[in-house]
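The values are calculated or read from the model by the stated rules, or taken from the named source; none is laboratory data. These figures come from a predicted structure and were not determined experimentally. With ideal geometry, Cβ positions are generated from the backbone for all residues, glycine too; neighbour counts draw on all protein chains shown.
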Amino acid sequence: MREWLRDREHMVRMGILFAGALAVFLVVRAVMVPKDFGTYGHFRTGALADNMAHPLVFAGRQACGDCHDDIVASRKGSKHEQIGCEACHGALEAHASAGDPSTLKPKLPDGKTICLVCHKENVAKPAGFPQIDPKDHGDGGPCTSCHNPHHPEIS
Amino acid sequence: MGTDRRAFLKQTGLILVLSGAAAQAWDFVLAGEPEKAPTYKLLDHWWAMAMDIRKCIGCGNCVRACKAENGVLLEPDCFRTWVERYHVHPDDPGHPEVDSPNGGYDGFPEKYKAGDGSKNFFVPKMCNHCAHSPCVQVCPVGATFESPDGVVLVDKTYCLGCRYCVQACPYGCRYIDPRTETVDKCSLCYHRITKGLTTACCEVCPMGARKLGDLKDPKDPIHDFLKDHMIHVLKPEMATGAKAYYNGLDGSVR
């Protein structure tokens, strides 16, 4: 015990050094680590909001149907009924959210290339899916001269 | 001091009476803008993806839509989702021939012949949004994480670009964005699903081969999909808790 007391002077010095280092660490940590770090796990909760803040590019079929309900009605019972509008017409959030949507009218897709994106023959496509070889099928003109893309069946 | 106490009691009372989220929304109600209050409840969702290989036609709509929606570079090594074509010969089903020209962005030019006895099919791939993600476990700075609603996300302000997670992902779903030198990956269109929209890839899939699902919503059709089909996940032996559920997944797929 006496020997410990004799050495206490440099123990105290060491202790002060450690306490100082710990204080510096705690201060730096408090400054550097954001307040919302760790609320839900080992991450910054604000990162959720950052991810949510990304702008939309595709409006979603609901937004299309809000104005174009006539088209939605005309596709009822069609083989293409379940296909989202933007699958063929492209991303249209800019059109849907514009103050005057008519200023940002989407380009009409080409009546042949857009069809072949899906319907061109390929052995890896599921059997039963309607596929054609554009060289054998039709007269070489646009598909839309015989098929209505919103209701493609030929009766 | 009296007003402080009143404010304190009011706030505590609100938090006790309403839930935390509702108390937050109350501020917007008081400000006369109730429509701006956050309606998305983080803990009420558990997102997953259902994919049907028997429906995928390899059109590449998902790949193009994903790149457009998320501003992904058009380089052939930057993909948040991509489509692979499998060519499996019955003599050697363990060694399929797999290709993915530009990730399927430009579709798949015909490469194989019908009637040679081989099996050919497309497999859409994306982040599996694992419940126990190896990529999250290796991140040294907390820049990637499993969100409380089951989405594996990246905090770009924290990412160092160390590439540990790129190597850790068993599914190859991560890449380094050369513009920022930080990691990028599928966010399950977090900015869309939190607004009640579906993901860009699901929105444009003409076959409905991909369907976003909320496993915490008992009315979500994903429960029927999981119940009515023979479901498999990729690399179940890795115990990643993958939530990309496949119907018709062939044993040759890796």
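Things worth noting here:
- Among the candidates A:His95, A:His54, residue that is in a helix (DSSP H, G or I) and of a type outside the set (A, V, I, L, M): A:His95
- Residues located in the stretch B:61-88, provided they are of a type in the set (Asp, Glu) and modelled with pLDDT of 95 or more: B:Glu69, B:Glu84
- Meets criteria (closer than 30 Å to A:Gly128 by Cβ, touching a Phe, Trp or Tyr at 6+ places or on another chain (Cβ under 6 Å) and either basic (Lys, Arg) or at pLDDT 95 or above (or both)) for A:Glu81: no
- Assessment of the stretch A:88-96 against the conditions (without any contact (Cβ under 8 Å) to a residue 40 or more places away in the chain and over 26 Å from the mean Cα position of the chain (by Cα)) yields no matching residue.
- Hits in the stretch A:138-153 (condition: assigned to a loop (DSSP other than H, G, I, E, B) and surrounded by 13 or more Cβ atoms within 10 Å (Cβ to Cβ)): A:Gly138, A:Pro142, A:His147, A:Pro149, A:His150, A:Pro152
- Qualifying residue in the stretch B:121-128 (condition: away from chain A (no Cβ under 13 Å) and touching a helix residue (DSSP H, G or I) at 6+ places or on another chain (Cβ under 8 Å)): yes
- Of all residues in the stretch B:90-115, those that are away from chain A (no Cβ under 14 Å) have Cβ atoms under 6 Å from Cβ atoms of residues that are at pLDDT below 95, 6 or more apart or on another chain, in B:Pro90/B:Gly117; B:Pro93/B:Ser252; B:Asn102/B:Pro76.
- Criterion (under 21 Å from B:Tyr40 (Cβ atoms) and within 11 Å of chain B (Cβ to nearest Cβ)) met by exactly one of A:His89, A:His54, A:His42: A:His54
- Pairs, first within 7 Å of another protein chain (Cβ to nearest Cβ) in the stretch A:114-126, second in a helix (DSSP H, G or I) and aliphatic (A, V, I, L, M), C-beta under 8 Å, six or more apart: none
- Yes/no for B:Gly213 being at pLDDT below 95 and away from chain A (no Cβ under 11 Å): no
- Residue in the stretch A:63-81 that is farthest from A:Gly99 (Cα to Cα), counting only those that are loosely packed, with under 13 Cβ neighbours inside 10 Å and of a type outside the set (D, E, K, R): A:Gly77
- Qualifying residue in the stretch B:133-150 (condition: within 13 Å of A:Val123 (Cα to Cα), more than 8 Å from chain A (Cβ to nearest Cβ), of a type outside the set (A, V, I, L, M, F, W, C) and loosely packed, with under 12 Cβ neighbours inside 10 Å): no
- Taken together, the residues in the stretch A:9-52 that are free of Cβ contacts under 8 Å to residues at least 12 places away in the same chain and surrounded by 11 or more Cβ atoms within 10 Å (Cβ to Cβ) amount to 19.
- Applying a threshold of 6 Å to beta carbon distances and a minimum spacing of six or more residues, or different chains, the list of pairs starting in the stretch A:97-110 at a residue that is under 15 Å from A:Glu86 (Cβ atoms) and ending at one that is surrounded by 13 or more Cβ atoms within 10 Å (Cβ to Cβ) and of a type outside the set (Gly, Ala, Ser) reads A:Pro101/A:His95; A:Leu104/A:His95; A:Pro106/A:His89; A:Pro106/A:Leu92; A:Pro106/A:His95; A:Pro109/A:Cys88.
- Residue in the stretch B:225-235 that is in contact with a His (Cβ under 6 Å, 6 or more places away or on another chain) and more than 8 Å from every other protein chain (Cβ to nearest Cβ) present: no
- Of all the residues in the stretch A:127-137, those that are in a loop (DSSP other than H, G, I, E, B) and either in contact (Cβ under 8 Å) with a residue 12 or more places away in the chain or β-branched (Val, Ile, Thr) (or both) number 3.
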